[in-house]
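Report on the structure given below.
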Amino acid sequence: MGNGASSEPLLQGLSNVLASPLGLMIPALSELISPLVPHSALVMLAADVGGGRVQGTGDPAFVRGVRGLELDRLRKRLEASDGIRSGVLAIDGAAHPTLELLSRNGALLVIAEPGSGAGEQAGTLLALWDIVALHVQERADEAKPDYLQHARAIAGTRLKALTELEDEYAAAVESVLVALRSKRLSDAQARDEAVGRAVDALTRLSGAVDQVRTLTEESVTISFDRLKEDLRPVSRYSPVQLQFVDPPVDGRPLPGEVSLGARAVVYRAVLTLVEGEEVGHIRIHWDCDGTNLLIRMQDDGPGSSAAAKTLLGRIRERIWSLNGTVGVDTTPGWGTRIDVVLPLDPPRTHPASSAMAGMRPREVQVAALMVAGHRNRAIADELRISENTVKFHVSRILRQLGADSRAEAIAVLTAGQRG
């Protein structure tokens, strides 16, 4: 290693980074690479179940000033390179030299004001970032089904908020145009200038909305390529042959939580199938019909109904959490076939969905058990918490739903599930 760094402290430091909670991983990474490359700040854009996850540490002005859309543009620029680029970011009028790294799974790391020797250490830094970024993705892929459902509710609320913002601003601009076109205004030149500026503002807003949507989406072909990368160790170290049928290149982009959830479902299904005996070949096919992501997997195993039941148990909840459906068919002597349908659009926003997006994970669990008909004592036993704690969660749920009683809250939650 350059700068006199030995491999043992570096590996120990990397182990500490990977053991850190997600919220502390970037500060831990910053501490790890400081002896290699001094820097003023680190900012990452990595995959999460809710889309792009932006996190930073170091110089507060730089971390606060970096916009998610700008990071997404940097990521797209790096996709056409070898994953390493020196650049400059303008923050509040000040130019900050940067070293930008793109991992193999598409996560971006920006190192602000890297010290001397950054070029010599770029390869080492990229290798470290590859490992950390993959670990972040695995954490997201292993998210519990209720967390994916929580993210799906947030996606619906986010999309609704964007649409409302666009409509509200468009209405405001239109009202300005109506006023400026009034016959009571005689200064034609001023009117034309104002009209032109209003139209430009509307165009910029529309572009910004499109960029925000793009930031939280991923090309279906890129997502499928990342699935192949995830499954590469299976292909390398298992005798089972994996056959990939690529999705159409013009397929609709996938929301971030659908992309992550789909890869996690396929990965878990493949590992389950590989565990079974007499499976020599698995075919994996993705397709899009404009509304849904269609996943089909087929193996050449014995077609055991018991094995199919095990497989279904391992992937069903994750699929349901994304409002998807799954079917498993077995034919003795011919293998097992899995068909998964994941809707690309979030469910229609219902008051319960908005409330669920704001609930804590434990409150989501309590709400689900309430809908299932469990009383406080049964909920406490199920979640291994005290009955008083359950009462506290129930009272918060009622407030967030605007319900006056437990029965009314259950009715709102049930209607939200149907919606």
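The values are calculated or read from the model by the stated rules, or taken from the named source; none is laboratory data. Just so it is clear, the structure is predicted and the values come from calculations on it, not from any experiment. Cβ: placed from backbone, ideal geometry, glycine included. Neighbour counts: every protein chain shown. Accessible surface areas use protein heavy atoms only, side chains included; no ligands, DNA or RNA. Shrake-Rupley method; radii C 1.70, N 1.55, O 1.52, S 1.80 Å.
Got a sec? Which residues in the range 380-419 would a label at residue 362 touch, if it sits 7 Å along Cα→Cβ and we count backbone N under 11 Å? Taking a point 7 Å out along Cα→Cβ of residue 362, the residues of the range 380-419 whose backbone N falls under 11 Å are 384-394.
So if I place +1 on the C-beta of Lys and Arg and -1 on the C-beta of Asp and Glu, and nothing else carries charge, what would the dipole magnitude of the range 238-316 be about its Cα centre? I want it in debye, nearest 20.
Values: 8 positive and 10 negative charges, 60 e Å.
Dipole of the range 238-316, to the nearest 20 debye: 300 debye.
Available extension along the chain between residue 389 and residue 309 is 25.2 nm, counting 0.36 nm per residue and deducting the alpha carbon span.
Rounded to the nearest 0.05, what FRET efficiency is calculated for residue 82 and residue 238 with R0 set to 25 Å and r the Cβ-Cβ distance?
Values: r = 30 Å, r/R0 = 1.20.
Efficiency, rounded to the nearest 0.05: 0.25.
Find the eigenvalues of the gyration tensor of the Cα atoms of the range 243-355, then list the square roots of 5 times those eigenvalues as equivalent ellipsoid semi-axes, largest first, in whole angstrom.
Working: eigenvalues 147, 54, 22 Å².
Over the Cα atoms of the range 243-355, the semi-axes work out to 27, 16, 10 Å.
Note on the range 82-138: Cα-Cα pairs beyond 13 Å make up 59% of the total pair count.
Counting heavy atoms of the protein chains alone, residue 31 has an accessible area of about 140 Å² for a 1.4 Å probe. Full extension of the segment from residue 278 to residue 325, taken as 0.36 nm per residue of separation minus the current Cα-Cα distance, would add 14.2 nm.
Apply the a/c threshold of 1.5 to the C-alpha gyration tensor of the range 304-346 and tell me whether it is rounded, prolate or oblate. The shape class here is oblate. Here the translational diffusion coefficient of the range 216-287 follows from Stokes-Einstein with Rh set to the Kirkwood radius across Cα pairs; for 25 °C and 0.890 mPa s it amounts to 193 µm²/s.
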